[in-house]
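A short worksheet on the structure shown next.
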Amino acid sequence: MAARGGSVLEPGWLLSPAGCPYLDSILQKNQRRVFGLLERPVLPPPLAAPTVTYKLFLSGKSGVGKTALVATLAGTPVPPGHHETLGIEATTVYWPAKLRASGRPVIFQLHFWDCGDGALKKFEHLLPELPAQMSRVIGPDEENLVRVVVGTKFDLSPQADVTEGDVVAFEGTWGLPVLRASSGPGAGGGRGGLARVAPLLDALVERLWRRDQIAAGVAPGDEGSPPA
């Protein structure tokens, strides 16, 4: 995830005093702002920052917490119970971050596509198990994909079907770290909750930006492993 010698982004910058104006741009009445299709954060001209857009498709079994994960990252209410997602739900999340090399902020526009199992089955894209999912997305024709694995409900680990040992084994087999996410309601909604989701969002945008820098020849890739 990190470039040689350290992260290409400054972790935690958005929650620091220097990041306050950018944090304010994604808040409304001290809560995360829900942006419409044509809306975006507004900043004073001296603080204007480029926007980089990515689309993230969520794949996983029904009930693992895909919809709750997106709600948590977006700062919107987490559904109180499980209901199958109908079709595809698209959610836009803006996340400002600061580049280490240039010292300049960038605003990441993340489009999360949450697809329900019913829609996947209808279009014959059902990926029933994680190994099958990884085999499908890791291949010579998919080198431009950023593959990110998120372990949900880690705050409920005593009740989880997947143990910490399973996670470690998966990381060793596939060479991909598993990002941890909790299932706590309301995480990320206000300034206080942002501290819970900031590390995960920082890690996501780090991977995306790192991939683009490797593709552009600006940053070296890790030998023996695919760009991530």
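Miscellaneous remarks
- Look at (1) more than 16 Å from LEU201 (Cα to Cα); (2) open to solvent by less than 30 Å² (accessible area, probe 1.4 Å) and you find that ASN30 fails only one, number (2).
- For PRO46, the criteria (1) open to solvent by 30 Å² or more (accessible area, probe 1.4 Å); (2) assigned to a helix (DSSP H, G or I); (3) touching a residue at least 40 places away in the same chain (Cβ under 8 Å); (4) out of contact with any strand residue (DSSP E or B) (no Cβ under 6 Å at 6 or more places or on another chain) hold in every case but one, which is (3).
- Test: residue in region 87-100 that is at pLDDT below 75, outside any strand (DSSP E or B) and touching a Gly at 6+ places or on another chain (Cβ under 9 Å): yes
- Residues (open to solvent by 20 Å² or more (accessible area, probe 1.4 Å), in contact with a helix residue (DSSP H, G or I) (Cβ under 7 Å, 6 or more places away or on another chain) and not small (Gly, Ala, Ser)) located in region 9-26: PRO11, LEU15, PRO21
- Considering residues of region 34-43 that are at pLDDT 90 or above and open to solvent by less than 90 Å² (accessible area, probe 1.4 Å) only, the residue farthest from the chain's Cα centre (by Cα): LEU43
The values are calculated or read from the model by the stated rules, or taken from the named source; none is laboratory data. Remember, it's a predicted structure, so these values are computed and weren't measured experimentally. So basically every Cβ, Gly included, is an ideal-geometry build from the backbone, and we count neighbours across all protein chains shown. Protein only, heavy atoms only, side chains kept; ligands, DNA and RNA dropped before computing areas. Shrake-Rupley method; radii C 1.70, N 1.55, O 1.52, S 1.80 Å.
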